[in-house]
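What follows is a set of notes on a single structure, which appears directly below.
The values are calculated or read from the model by the stated rules, or taken from the named source; none is laboratory data. All of these numbers come straight from a predicted model, not from anything done at the bench. With ideal geometry, Cβ positions are generated from the backbone for all residues, glycine too; neighbour counts draw on all protein chains shown. Accessible surface is based on the protein model in full, side chains and every heavy atom, while ligands, DNA and RNA are left aside. Shrake-Rupley method; radii C 1.70, N 1.55, O 1.52, S 1.80 Å.
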Amino acid sequence: SRGSMGAQCSCGTIAPASLGGSMAYCFLCSVPPVAAKSSTEVRAALEVLDCMYGGCALEEDHKAVRSAQAEAQLEAGGFSASQATYGELPPLGIAQILHQVGACPGHRFYDLGSGTGKTVALAWLLGLEATGVELVVERSHAAQQALASLLEEQRVPTSLRERADLDTLLSNAGQGPKFPGIHFLTASVLDVDFSDADVVFMYSLCFTQAMLETLAEKARHLRPGAFIISNQGLKGPAFSHGQKFICGDWARRVQDFVIQTVIGDSTGY
């Protein structure tokens, strides 16, 4: 019943009871400021992202995708084919997470398992140094194509380019799909060095325990105060217990994340 689920936003979204009946934000309609950008500027960045992905980046109902090609590439990389299922959070949820951790301009952001790159592209549009890591070639290629599309003048309307200050962001871009401040790596998340990260995001529902342990071993070397955002949380004395954060996922469910900070490498080496 509605009473057992929690309070309702004016847009019709019902908060889960775990929020204590309080709608601190709504993952369908609340646009927070992020880094040095106002809510209005974040809205403009979301609109640019939508243009990059052909008008389908902001849809609320993101479908899960699983392909034979993805299964084969994951198995070749030493992973299970069961991990080929790919879903996304709505970009607005990502903006809310970045607001929650207090992301700042120039912060180094990594998305481990970045898929088609929407999360990485949005972080970059909001002023972060953003890197996506994705093993499936087709998904990584789609991310690079979406980024390259920004060089097409007709892709983003002139009025939106001005509101998003897009020309300033692209002022150092070359005549190809290479842009300063954003990188898409076609690689295993277990092989990439993210030791300079300020914020690490992983939509880790399909990560095995062994993968999480390997990533925890890498993450404990991050600077104290760096943020780790995952579904399960990383275990070990190098990480805080974590703060629960809730936003919407591709199936219009509420999805739990754990936001942790790196306390420090307790081993001394």
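Contour minus end-to-end for E152 and N231, with contour as 0.36 nm per residue of separation and end-to-end as the Cα-Cα distance?
Length difference between fully extended and current span is 24.8 nm.
Give a residue-ordered list of calculated ³J(HN,Hα) values for segment 183-197 (Karplus: 6.51 cos²θ - 1.76 cosθ + 1.60, θ = phi - 60°; whole Hz; x for Gly, Pro).
9, 10, 10, 8, 6, 6, 5, 7, 9, 8, 7, 10, 5, 9, 5
How large is the convex hull of the Cα atoms of segment 119-175 per residue, expressed in Å³ as a whole number?
92
When ligands, DNA and RNA are left out and all protein chains stay put, how many square angstrom of accessible area per residue does segment 99-252 have with a 1.4 Å probe?
Result: 44 Å² per residue.
Mind listing the phi-derived Karplus ³J(HN,Hα) values for segment 94-103, rounded to whole Hz, using 6.51, -1.76 and 1.60 with θ = phi - 60°, and x for any glycine or proline?
Listing the rounded values in order: 5, 4, 5, 5, 5, 5, 4, 8, x, 4 Hz.
Label-point separation (nm) for A187 and S159, each offset 7 Å from Cα along Cα-to-Cβ?
4.3
Strictly over 26 Å apart at the Cα level, which of K37/K118; K118/K235; K37/K218 would you flag in this model?
In this structure, K118/K235; K37/K218 lie more than 26 Å apart at Cα.
Of all the accessible heavy-atom surface of segment 126-244, with the other protein chains kept in place and a 1.4 Å probe, what percent is carbon and sulfur?
52
Just order 130-139, 228-237, 204-213 by mean Cβ neighbour count inside 10 Å, highest at the front, would you?
130-139, 228-237, 204-213
D256's amide H: which non-local residues (gap 5+, or another chain) put their own amide H closer than 5 Å, with H modeled 1.01 Å from N in plane and none for Pro or chain starts?
Amide H to amide H, under 5 Å and 5 or more residues apart or across chains, D256 pairs with nothing.
Using mean Cβ contacts within 10 Å as the protection proxy, how do 195-203, 91-99, 32-40 order, highest first?
Packing order, densest peptide first, comes out as 91-99, 195-203, 32-40.
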